[in-house]
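Presented below is the structure to which this report refers.
The values are calculated or read from the model by the stated rules, or taken from the named source; none is laboratory data. Everything quoted here is computed from the prediction, not taken from an experiment. Reconstructed Cβ throughout: ideal geometry from the backbone, glycine too, with neighbour counts over all protein chains shown. These area figures cover heavy atoms from the full protein model, side chains too; ligands, DNA and RNA do not enter into them. Shrake-Rupley method; radii C 1.70, N 1.55, O 1.52, S 1.80 Å.
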Amino acid sequence: MTLKSTSNVFSALFATMFLASCGDSDDSLEPNTYIANVASAPTYFGVESNIVIDAVADVEDGDDTVASDIFSFNYEFGTSYRLLVDQFPAAASGDDGSTIILTGLIEVISATPDPIGTSYKYDNVELSGNPFTEESAGVYGFYQYEFLCADNVDCDALVAIADSGGLVNIEFEYTGGDVPITLVWWN
């Protein structure tokens, strides 16, 4: 019985050493540190995309990503960022051999809010899957981003048609504060 246990331990040890030796010797699974520049306005990719709306993170000499994929990073609509990040491949993602890249925040180098009054326009936003919601009294949501409603804009009507299947054009304005954007126009 002792011999069987010993042989199982040696088999497991041999298999572990064999699998470890099969990897690249260039330390490709080690994280690399890069600078990432995150846009102040999210990009609307559309409902056919894996990511409907998110801020693009341009990673200098690394793999570009989006703000929501940077671990431990809290993006605020209307603020551009310069970040120090680590990136490393986590696993092969498919038959094509492509690799999933994981990005983690090391440090926020700078966070620069847009000037008050900066306009953000989104054309042809598809009204499916409820892109517009009422989050709480006077606070609405455009996917994951909260916004306020300008006095002359009927946000309740927009929420009411949010799953109608049509298209809408919208314009936000940077107003700062806890909810930094305000819907100023839609049609």
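Step by step: first the residues of the stretch 31-84, then only those that are more than 13 Å from Val108 (Cα to Cα) and free of Cβ contacts under 8 Å to residues at least 12 places away in the same chain, then the one that is farthest from the chain's Cα centre (by Cα). Which residue is that?
Out of the qualifying residues, it is Glu48.
Of all residues in the stretch 45-70 being hydrophobic (A, V, I, L, M, F, W, C) and within 18 Å of Ala90 (Cβ to Cβ), which is most open to solvent (accessible area, probe 1.4 Å)?
Ile51
Just one of Ala137, Ala111 is among the hydrophobic types (A, V, I, L, M, F, W, C), within 22 Å of the chain's Cα centre (by Cα), farther than 16 Å from Val52 by Cβ and open to solvent by 40 Å² or more (accessible area, probe 1.4 Å); which is it?
Only one candidate qualifies: Ala111.
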